[in-house]
Amino acid sequence: MDRRLQPRKRTLKRRLYGTTRPDTLWKHQIPIKTDHRDVHQPGYLEIDLVSHSGASASGEFLHTLDSVNIQTCWVERQAVRGKGRHGVVQAMITIEQQLPVPLRGIDSDNGSEFINEHLWAFCQRPAGQALQFTRSRPYKKEDNAHVEQKNWTHVRKLVGGDRDDSTEALQALNALYAELRLFQNLFQPSMNLLTNVRKGSRLIRRYDRPQTPFARVCACPEADPEKVAALRRVRAQTDPFALSQRIDRHRDRLYHLAGQAGLEPRAVPTRPRRSPWHGWTFSRRALRPSQASAQPTDKNPVRTVGSGATSTRLAKGEAGGKTAARGAGVSGKMFR
């Protein structure tokens with residue numbers, strides 16, 4: 001069975017799911033990261049690209065560049081149009097400027113939007129220390145578990161799965177992320193995983209006490225004091241309930257824009273012309289009605305055999321067979 005299914009399995013293995021396409025040219029320059037759970041310094045980001053294509057991945061649409069700081073759980077997002085490498089680099093520059101801690105390294109998947117010359121050049125700092133640029137193993141989402149979790153809780157769960165491809169949607173999405181950045185980093189606490197202890201078949205996870213990402217940033221000596229002071233002033237002047245209402249208005253506007261894009265009438269597909277061989281069969285037992293009407297309707301043909309001898313072919317349903325025919329007084333011999 002395995003030998004017969006081997007070509008089929010090979011075809012399914014080559015199939016690519018999602019919108020991520022690998023780039024093999026720069027994989028030799030970018031190492032695979034294996035110590036993602038042993039990060040104890042702030043500034044190391046896991047990044048990923050979330051598509052907003054809706055039900056169809058054709059054409060150009062918006063993406064969200066999602067990034068999370070592993071040590072502090074600080075989250076930054078930027079919406080970009082398409083998967084262009086220049087747009088991703090510009091979004092990374094904006095994220096680095098908004099981070100309250102210095103950027104030390106990034107870890108991404110194997111998509112061509114990350115594994116390319118432009119992002120590699122972004123990590124090579126001629127004036128200072130270069131950024132650590134690593135990638136995960138192919139088809140191993142658990143290597144980027146932090147950002148994969150935020151893709152659902154911080155992007156999909158709030159934005160939805162509609163298609164966004166307009167300039168108005170790009171502006172609305174970035175405005176929503178600007179408000180969510182304050183709400184989720186300054187007011188929303190989270191727990192960070194400390195250790196995993198396995199006892200037999202059980203895996204016991206130990207977490208630290210719930211803290212906001214801003215509280216973890218304030219406890220880091222590497223944090224930028226000017227940015228921390230500015231964030232303190234913003235937190236003191238911001239009402240979280242009013243901020244939540246503004247977030248809801250931004251989400252409503254984004255849903256309204258996605259609904260307007262879906263109101264365009266679709267072209268009615270023309271019915272393809274049927275082939276003259278449609279429904280044709282060589283089986284005499286499964287004739288179509290048009291073919292069955294062309295067949296002779298006489299079920300009991302009488303053929304003359306010699307002088308005075310006739311043969312009658314009985315149809316199905318006439319009980320008795322030869323005996324019934326003989327009993328009916330049919331003259332001559334019976335031929336099958």
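Please treat every number below as a calculation from the coordinates, not as lab data. Bear in mind that the values here come from a model prediction, so they are computed numbers and not experimental data. So basically every Cβ, Gly included, is an ideal-geometry build from the backbone, and we count neighbours across all protein chains shown.
When you filter the trypsin sites (Lys or Arg not before Pro) in the stretch 95-186 for DSSP loop state and at most 14 other Cβ atoms inside 10 Å of their Cβ, you are left with 140. Only Cα pairs under 8 Å and 6+ residues apart enter the sum, and on that basis the relative contact order of the stretch 20-261 stands at 22 percent. Net charge in the neighbourhood of residue 75 (other residues with Cβ under 9 Å of its Cβ; Lys, Arg +1, Asp, Glu -1) is +1. Using the Karplus relation 6.51 cos²θ - 1.76 cosθ + 1.60 with θ = phi - 60°, the per-residue 3J(HN,Hα) values for the stretch 214-225 come to 5, 5, 5, 5, 5, 7, 8, x, 7, 5, 6, x Hz, with x marking Gly and Pro.
Do any of 33/150; 9/33; 150/199; 140/199; 27/157; 9/157 go past 22 Å between their Cα atoms, and which?
Beyond 22 Å: 9/33; 150/199; 140/199; 27/157; 9/157.
What FRET efficiency do you get for residue 158 and residue 2 if R0 is 35 Å and r is their Cβ-Cβ distance, rounded to the nearest 0.05? That gives a FRET efficiency of 0.20. Peptides 56-69, 232-245, ordered by how many other C-beta atoms sit within 10 Å of their residues on average, highest first, read 56-69, 232-245.
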